[in-house]
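Each remark here refers to the structure printed beneath this line.
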Amino acid sequence: MDELQAYARCKRDFRETCLLAFTETFGEADRDEELYISGFGLPVRMDRSPHITNKTTGGGVCFYINERYCNTVVVREKICTPDLELLSISLHPFYLPREFPQLSFTLVYIHLRANVM
């Protein structure tokens, strides 16, 4: 987190990014406040459920949305299975052409040993 905080302070390209997406977040922080990145606010995240997946480490997905880009975020879907984790959100940015009522983003983590057959 310290490295991400430093990028948010010092790197213009990083600071002006509209959306950040991460997989393998490991769910190490119990509270969202511990994952705060300056300018991006609290994360929209889904941690791996050990009860569903029978796994205690790894996994997890997370979005960070730039506060200067958008403050209306709706979680559309959360799916957690032994083979994948999926988080789908929709955004209504401050500046968006009328033809597009919202933007949708989906982040998926597929486990290395997922049963894909």
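The values are calculated or read from the model by the stated rules, or taken from the named source; none is laboratory data. All values reported here derive from a predicted model rather than from experimental measurement. As a convention, Cβ positions derive from the backbone with ideal geometry for all residues, glycine included, and neighbour counts pool all protein chains shown. Quick note on the areas: whole protein, heavy atoms, side chains included, nothing else; ligands and nucleic acids left out. Shrake-Rupley method; radii C 1.70, N 1.55, O 1.52, S 1.80 Å.
General observations
- Summed residue charge, Cβ within 9 Å of Met46's Cβ, Lys/Arg positive, Asp/Glu negative: +1
- Charge context of Cys62, other residues only, Cβ under 9 angstrom, K/R +1, D/E -1: 0
- Accessible-area rank, largest first, for Ser38, Ser88: Ser38, Ser88, with all protein chains present and a 1.4 angstrom probe.
- For Thr106, net neighbour charge (Lys/Arg +1, Asp/Glu -1) across residues whose Cβ lies under 12 Å away: 0
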